[in-house]
Each structure stands twice: as structure tokens, then as C-alpha cells.
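The values are calculated or read from the model by the stated rules, or taken from the named source; none is laboratory data. Not measured: the values here are computed from a predicted model. Every residue, glycine as well, gets a Cβ built from its backbone with ideal geometry; the counts of neighbours run over all protein chains shown. When the accessible area is computed, the model is the full protein with side chains, heavy atoms only, and any ligands, DNA or RNA have been set aside. Shrake-Rupley method; radii C 1.70, N 1.55, O 1.52, S 1.80 Å.
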Amino acid sequence: MSEERTIELLIGPQHPSSGHMRLYAEVDGDIVVRLRPNIGYVHRTVEKLAETKKYIQIIPLVERPSLADTANHNLGYVLALEKLLGIEAPPRAQYLRTILAEMNRIHSHFYGLGIHGIMLGSSTIFMWGFADREIMIEMAQRLTGARLTYSYIIPGGVRRDLPQGFEDEMEKALRYIERRLKDYGKLFLRNPVTRARLEGVGVLKKEDAIKLGIVGPNLRASGVPYDVRKVQPYCAYPELEFDVAVREEGDSMARVLVRVEEIRQSMRIIRQVLKQIPDGPILSENYLKMIPPKWKEFVEKKGRIKFPAIMANLRPPKGEAFSRVEAARGELVYYIVSDGSVTPYRLRMVTPSFRNVVLFEHLIQGCRVADIPAIYGSLDYFPPEADR
Amino acid sequence: MMNLMDLLKWILDLLFSPWLFVPLIFPGLITVFAILLFIIWFERKLAAKVQLRYGPLYVLKQLGGAIQLVADLIRYLFAEPIVPEQTDKLAFVLGPIFLFAASFIPCVIIPVSSSFYAIRSDIGLLISLGLLTFSPAIILIIGWASNNKFSLIGGLREGYLTMAYEIPLFISALSMAALYGTMDLIEMVETQSEGTWGIILNPLAALTFLILAFMSTSRFPFEIVEAESEIVMGPFTEYSGILYGLTMGASYVKFYVLCLLFSIMFLGGWQPVPSLLSWSPLFSRIILPGVILLLKSLVIMIFGVFLRSVYPRYRIDQALKIGWHMILPLSIGSVFLSLGLILLGVVP
Amino acid sequence: MVCGMNGVTLIGNLEESARKAVQWLVNKTPIRGIRDWGIAFSLWPVHFTTACCGAEFAATSAPRFDVERMGFLPFVAPRQTNLMLIEGTLTRKMAKAAVWVYEQMPDPKFVVAMGACAIDGGIFWNSYNIVRPKDILPVEIYIPGCPPRPEAVARAIIMLQKRIRRGEAVGLKF
Amino acid sequence: MGLSSENKIEDIAKKIAQSLQGLPIEISTKDEIITVNVKHENLVEVAKKLRGVGFDHVKSVTATDFPEQKELEVIYHVSSFGDLDLAKVIVALKTRLSSDDPRISSLIEIWPSSKYSEREQHEMLGIVFEGHPELERLLLPEDYEGPPPLRKEFKVKTEGIQG
């Protein structure tokens, strides 16, 4: 009779720190021998539904999977669509896209920080993370009119111009966040308990990170300076100065610190954007001239786009397009195949979280049970984004 | 009329007889429930303050939601008590009751003042600490009886931790007993009233005792047994309704008892009683010392629950390491400190 | 079951009679009022995020909206909670878990469906992998929006509190 | 993008062509994407060569159903993390296979990053990746029955007018 040493823990989908997924953990004593993620609990078939929807209708659809990081998903899709259509947004729209993407990056990173806090047991960091996230959400709301699902970026431009007084409000918000980041350092990042829990836990080596195709802050924390914004700049990024946050350690702490550094860099980018933003239209000339003259006046006065009728039935020529953007959680890839009709023939959307799923089985093996949430949180994994 | 007065006097006498007063009123049952209601609400309020929000409020807005716990208690009472199919039913149902009782019973040993107590024993300290060691064993049983993997892990965690905190806890308490030359809680306080408080004499023992008190009642950063984001609620995962209320209350009650002991050992207990107000024996014998003792332990408790908003939690192996590698040597050091103080003649 | 006691013989199912007695007692006016008050101010939803609305649900308990003011405290295990929020789309895989969790919760328990997806599929109405919560759970309140703003969630909680105190919410089985 | 980066992409395309010499492939370049069309029998060989050039990870595995031709197209979008010059381009490794019994050898040995993507395409389009260690259900429920959802024969409801 063989002795059974391990028990199988089913973590999730109803578990305070599982999110919308299940982890099968085989536990020997306190050590996790094997861990398999079981995803798909939020698989909502975005790729299939996209084949039945018109191009403009897909914008809200691709936002939904990643509710915490909608602007970048929206941007990635629109960039691919613009490549198909062969149009380009005017410079002012490019800058506006950049600012929204960076605001989204900030609040998404605060989201990750907060969730990681509660997974480690620090409810204060959860509350702080979500409180400071609200600042950026509020600013985004002024810009776009929505809290999370902006659908701000449309083919050829953006929906709205900067509201009045946005620059000053933003400067205030950024100063506040800078102040808060110091508090985070005091209470969380330099807290001896946090450091004991995170340093040297879940180390991802550089070779492994490259081999497994990890993306985003998780990749950069392992010493790979890959950032789509630098490697293949899009929107206004070529004209902006910022550093890629890289750390060599590759442990959970490094992943957290990379995110905090990215918040700082994003603030730097926002400041530059607000300083350098050029005047001009916010929608490509090709579409602007299709807006009836009666509405055109409204558009110019209010800085809000009334959709021209052509948008409802966009017909890109036959072909395919590939786009990649640096979303908050990493590189986001869209691949669209068009057959010349009003709906895409195939939309492939590879989200950063989906590419990071492999880390669960790679990193958590050999760790302790208590490390499961610590590592999970440090990956900033968002299950709906992975399942699509 | 006389009869009624007699009856009233009789009731009062009965109530203020130490045999009834101590277990029932202070530090016993009524105070325990009041403390439970207060400290859990205060914990939530305090955390909310740090976290830039209000915490419980609308349940009674005038008092800042102070009766939030009453509402929770009522809900617990009327919730369906679920005893899952495959549990060890007897242990499952009786576990929380025994757990609460085991945490509560040491209250009886605690004296209210030099002349008012239920039980006075030469080894009062030992008895109270000894009674407190029951609860980890019951948690272990609960964890086993629940027939849930998370509960099992939680119970085992408690088992491991018990070893790490119980031994140093006894050692640092005994170092104070050596310092005062007695294990009688009343004599301990009286020794402090002549000299200085224990926390100044032997800060090492005070520090270790406090940390171990946090550890044994799973306060942050040692909230490892319940660890909600890792093993859900640990041993208490399967409990619902009032049984869960008891398990949740038990750790607070244990913490309360340990804080009372801490105040007695290190903070001079009910000392100093202002002699100004000693016009009534009832007042100077019972109420005033009791209030002072309660306030001292409340301060410690508030400090303990405040840590929730500062620290995340340690991993079990790290906590064990802290227990065995840091606190145990420190507590042994506190014994030597006590011996040194006695040799130097600092203590009478 | 027959119980003999001092010559009086009670015939019937003891368990059922006891349950009836408890039910009678619980439904007496003052006790019922107290119970409903307690439940209304102690709605603990279970930590069970079904989809992306969870982001807004988390924001609801965060400082800016702070629903803990109403005694609303997201809690860990289904056994200790009495409220289930379907946060957004319910996929087929998740629906099984949802029913499972709901059955583990003690009575009285309530279900609130949050988001357009939880009402009738929302933007994913024609997806092959979703389930409508109303088909599998007794939903008490629907919150429209995609995602609903935290204010809307807070309003739903207040609405549920009012309904419980008026005795309209049917969270009780026994 | 200036002239220099255009040149770079052409350089890289040349490099790829060199390393893949002698194999039956077609290379074309559009923007930053270098498309390499191969027959599915040669896929592993070509992938190994590309790995040798320095393309170290798979960004996505995409399969598309073309019911008219009774074919499935599988695309591996490959790029590099180790070499940031190579990272500027993306190689689309395209191959076609019959949709009746789609079998293809898995590239997980060469690019472990394709693990989950291949699993997903397996359940979404019914492609069998030979040599994949755990070719199981990933996103769909375990008891899902029916054709693979991303095949064109699988229809979902659509709004009225489109029919």
C-alpha cells in the first residue's frame, strides 16, 4: 500500500485570492509540488463574436475583457484597423490617445498594487490602491465621459478634445499621486513584512522569461528591456522622453517595483504630452469632410465628434493587419483578417495576461502555500483578459 | 417597602460577591461581550481611518455605527446553522463552544483589585496561561472535524505555531515571576506598586510577551491560521451562523485575557488607584481598579488591532523562524535579565 | 416519531414541529423586525467574482464609495455570507460554480445581478458560452450598466436593505 | 520610421532568407512584418532555423478557417526579446493544412511560449498539434459538445437584418 503524501487543493473560482480562475495545487506539507491553472471561467468568446459584429461595434467588445485596462485594448484594435483602412490619425489625436493610454496604465497599475496588497493581507494597500486609482479614473472621466469603458479611440482619431482646464487639474492630480507614492514606499514597499514575503520569492530568470514569452512588467522585472513603446513606437511615443523600467532580480518584489516605476514614468509622459500637444483636428481629414456641415460646427465648437455615417459600415479592403501595443500588463497583439465585408473575417487578440498564464505553473512549483497569492498578485494577472 | 430594599440589597450583595462578579461582570462575561462589540467595531473604524474612509456608519449614525456588531450578531443568530454532511458532527458543533469557553475561563483567575478576586492562588499566572493553552488544541480538532482541506491546513498551521509561541510565552511570563518572586497575580501587582512597573524593569520580557500575544491570537502580522487570502478562513471555513460568531469571538477573548495578564504583569495592574476618591469601599475596591485595569488592557488591544492596517502577514515558516530563532532566545535573555536584576538588588 | 412525556403523547415529526415552532417564533413581530434590521445592516457578499464587473465592485468597497458604511463587508467563504453578487457575465463554466457557492450559503440569502451581462447577456448576448443568471438563481435585484457605476451598486444595496426591512425580499427558505 | 529602419527590416529579411536557403518557402515583407509561407511538412525545420536566427518567442498562434478552400491557415507570429533589433520585426510563419483532418507538429519544443496558444487553437479550431504534452480543453467547459467554435460552420445568433 503506497502512502499518499500529497493533497490536492482546489483554489478558486470562489476563493478570496483566486480571481476568476481555478488553480489545482498539489501540496506536500506546505510545499506546492505541482500547480496547474484552469482558466476559461470568463471565456466570453470575443473572437467569435467579433466575426458577427461590424468594425465599429467591436471597439466596445474588445474593451470588455480587460476592464481595468480598456484604453490600451481600444488603442491596439484601432491601430490594427487603421492599418487595414490605410488612414492615420492627426497629430493632436495621437497625443490624446497617448495621454489616455498612460492614464489607464497608471490606474491599472494601482489596481494591481491594491489586489496584490489584499492577497498579502494588507487591506490598507488595497484601499489606498483603489482610492488613488479613482483620481485617474476621475480625470479620464473628464476627458472621455466614462469611468472605465471609454471607447474613446475611434478609427482616424478620438471622440473628444481636451476639456477646459484639464492641464491644471491633471497637474494637481499628478502632484497628489507623487505624494502618495512616497506613502506607499513607507507603508508597503519598505515594510519588513512585505519584503520578507516578496524578496526572493517566485524568481523568474531572464532566460526563462524569454523562452516562455512573458510580457510586460513581468518580463522587464527579469532584466529584458522590451517595451513596445520603445521598440516600435506608435502614437506620440517617438517624440516623448521616458525610461523603460527594468530590474534584474526577477522576483516578486522586482515586479512590484517595476510597476511603481512605470507609474512614475507614465506621469512623466503625461506631463510632456500636455506641454507638447499640438493644435489641430482630432479626426482624420478623410472622415472629417464626411461630417455634414450642420454637425461640423458643433464638432468644432464643442470638440466632440459626431460619428460620420460611414463609420457604421466601414469596409476595409481585403487583407490583413497586425498591431502591437504596450498595454498595462504587457504587449497586446491584434491580428485582423478582412475579406472586404463590413465584419472582420477573423480577429485574433492575444492579451498579455493570456501570455503570462504559463507563469503560474512555472513559478509556483516548489513554493509554499502562502506564496501562491504572493506570486499571483505580483503577476498582476487579470483573468477576464486572459480568457477573453 | 423594607422587603424590597432588603431584596435589592441582597441582589446587590450577591452581584458584588466576588464569586459572581468576576465571572459574570468584570472581567467576565458582560465585559467580554462589551469588549467584543467595541473592539471589533473599533478595529474596523481604525482601519477605515487609515484607509481614507468611514467604516461602519449608517447602522446608528449618531454613534458612528457603534452597534454594527449587534447587527452582525443578530444576523449570525438567525442564519441557518449548517452542519455539513461529512463532518465529525459532535466535534464540529461542540468545537466552537469549547473554544470560546477555553478562551474565556482564564478570566476567572484575573483579580480585580488586591482585595477583590474570585480565586487567589499561589500559581495564578501559571493557571491562567495553562488554561489558555487549551484553545490551540481545540482549533486543531475543529480543523480536523470540518473535513475541509483548507481547515486541515489551518489546523496544522495552528499546531505548528503553538509550539513556536507557547514555550517562549511561558518563559517570558516566568521570567517576570522570577523577578517578582511570586506567581500570584495580586502579589505581582503589589510588588510593582512598591517599585517600578515591570515594563521598565524587564522590557525584554514585555516585548516578547506582547509579540507572542499577537502571535497566539492571530493578530497581524501573524494572522497565519485564518489567512483568508491563502486558506480562506483556515479552521473556520465551514462554520456558519452563530458557531462562526463564536470562533471569531474566541480569538478576541483570548487576546483580551492576554492583555489583562500583560497589564497585570508589566503595567502595574490596577495601580495607581487615586486615594482621593476612596470614599466608598465599593468604589475603591472594585470599580476604580477595575476600570483602570480595563483601560490599560484596552490600550494594548487597540494597539494590537491597529497593526492590521499596517502590516501584511508573514508566511508560516517565517513566523516559526521568528518564534524559534528570535523570540525564544530573547525570552531566555529576559530570564537572565530578571536574574541579573535580582542579583543587583534592584527588586526588593 | 412518537414522544412520550408524563402521560402526554405527541405524535408527529419532531424535527418538522420544531422547525414550525421556530418559524412561528421568528415571524413574531418584534423578533422579525429585529431580525430584518440585523440582516439589512449586515449584508456580507461572498468573494466570488464572476467577470469583469468585479473591478467596479471592488471600487464600491474602496474609499471613495465605501459601502462598509452600510455594514456591507465582502467576506471570504460562502458559509459566513448571505449575499451573492453576480458580477457581470456568467459563463457556463462559472455558472456551475455559482450554483455550487449559492447552495453552500446559509439562509437567508440574496442574489443581486450586476451589469448588463447579468441581466440578458449584454454585449455578449449571442455568445455560445454564457448563462443568464435568472435561469439558475433567484435574483432579487438587477443593476443595469456596463459596467454599473459604484454608485449604482451602492444604490442597489440600499434598495435591498429597504426591501428586507419591509419584508419583501424572499431570502428565506424555511 | 526613417529610412534606416526600413533598411534594417530588409537586412533582417535577407538574413532570414539566407538561413532558410534551400527550403521551399516564400518570403514577403510588408511594414514590419516578414511573412514566411511554408508547407506544413517543413514547418519544424523552418522554425528551427528561425530560432537559430534569434527569434526566441511566439507572440501568437492564429488559425483561420477557410471553408471554401477546405483549408485552415495557421500563423505563428514570432519575434525576439533577446535581440532588440530583431524585436522591431515580426515574422509571420504561415502554413496551410486541410481542414478535414488537421494535423500539424507542435512547435512547443522549439518555442515553449506557444504552449497555451496552441492549446487554445486546438480547442477553438480542432487542430491537433502532434507532440504537444497536454492538448486538453483550455477555455471551454469540460462538457462542451459541438463543433470547434471558431470554425465558420459554427454559427452564433446575429442581429435581425444581417440574417
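Remarks
- For region B:314-329, 3J(HN,Hα) computed residue by residue from phi via the Karplus equation (6.51, -1.76, 1.60; θ = phi - 60°) reads 6, 7, 4, 5, 5, 5, 5, 4, 4, x, 7, 8, 9, 6, 4, x Hz, glycine and proline entered as x.
- Note on B:L63 and B:E194: with the Förster distance fixed at 41 Å, the Cβ-Cβ geometry gives a FRET efficiency of about 0.45.
- Taking the C-alpha atoms only, the angle from helix C:150-166 to the longest principal axis of chain C is near 20 degrees.
- Highest to lowest packing among A:152-164, B:245-257, scored as the average C-beta count within 10 Å: B:245-257, A:152-164
- Peptide D:53-62 has a mean shielding of 5, counted as Cβ atoms of other protein chains within 10 Å of each residue's Cβ.
- Tail beyond 41 Å, pair distance distribution of the protein assembly as shown (Cα, percent): 48 percent
- Measuring between alpha carbons in the structure, the pairs from D:K8/D:K48; A:K289/D:K157; D:K48/D:K70; A:K230/A:K302 lying more than 31 angstrom apart are A:K289/D:K157; A:K230/A:K302.
- Probe 1.4 Å, protein heavy atoms only - accessible area per residue of the protein assembly as shown in square angstrom: 38 Å²
- Alpha-carbon centroid distance for the pair region A:200-275 / region A:28-100, whole angstrom: 19 Å
- Top positive-direction residue, dipole computed over region B:84-343 with Cβ charges, set B:G340, B:Y256, B:T87: B:Y256
- Interchain or long-range residues, amide H under 5 Å from A:V32's placed H: A:G366, A:C367, A:R368, A:V369
- Inter-site label distance for A:K205 and B:D88 at 7 Å from Cα along Cβ, in nm: 4.6 nm
- Spacing of the modelled spin labels on B:V299 and B:L20, each 7 Å from Cα toward Cβ, amounts to 3.4 nm.
- FRET efficiency, 1/(1 + (r/R0)^6) with R0 51 Å, evaluated for A:R179 and C:V22 via beta carbons: 0.35
- Within region D:5-130, the ratio Rg/Rh, alpha carbon atoms throughout and Rh by Kirkwood, equals 0.96.
- Calculated over chain A: convex hull of Cα atoms, volume per residue (Å³): 136 Å³
- A:D243 accessible area, 1.4 Å probe, all protein chains in place, Å² to nearest 10: 90 Å²
- Whole-Hz Karplus values for region A:222-236 come out as 9, x, 9, x, 8, 9, 4, 4, 9, 5, 9, x, 10, 6, 9 Hz, taken residue by residue from phi with 6.51 cos²θ - 1.76 cosθ + 1.60 and θ = phi - 60°; glycine and proline positions read x.
- Counting Cβ atoms of other protein chains within 10 Å of each Cβ in B:66-77 and taking the mean gives 5.
- For D:K30, the residues whose amide H sits under 5 Å from its own are D:T35, ignoring neighbours fewer than 5 places away on the same chain, with H placed 1.01 Å from N.
- Exposure ranking of B:D317, C:D120 by accessible area [1.4 Å probe, largest first]: C:D120, B:D317
- Under 5 Å, built H, 5+ apart or other chain: amide partners of B:E80: C:D107
- Of the trypsin sites (Lys or Arg not before Pro) found in region C:8-88, those in coil by DSSP whose Cβ has at most 14 other Cβ atoms within 10 Å are C:K28.
- Residue-by-residue Karplus 3J(HN,Hα) for region B:287-296, coefficients 6.51, -1.76, 1.60, Hz, glycine and proline x: 5, 5, x, x, 5, 5, 4, 5, 5, 4
- List A:D28, A:D168, ordered by accessible area with a 1.4 Å probe, largest first: A:D168, A:D28
- Value of Rg to Rh for region C:42-172 (Rh from inverse mean 1/r over Cα pairs, i.e. Kirkwood): 0.93
- Helix D:3-19 and the longest principal axis of the C-alpha atoms of chain D enclose an angle of approximately 80°.
- Residue mean of other protein chain beta carbons inside 10 Å, A:363-370: 3
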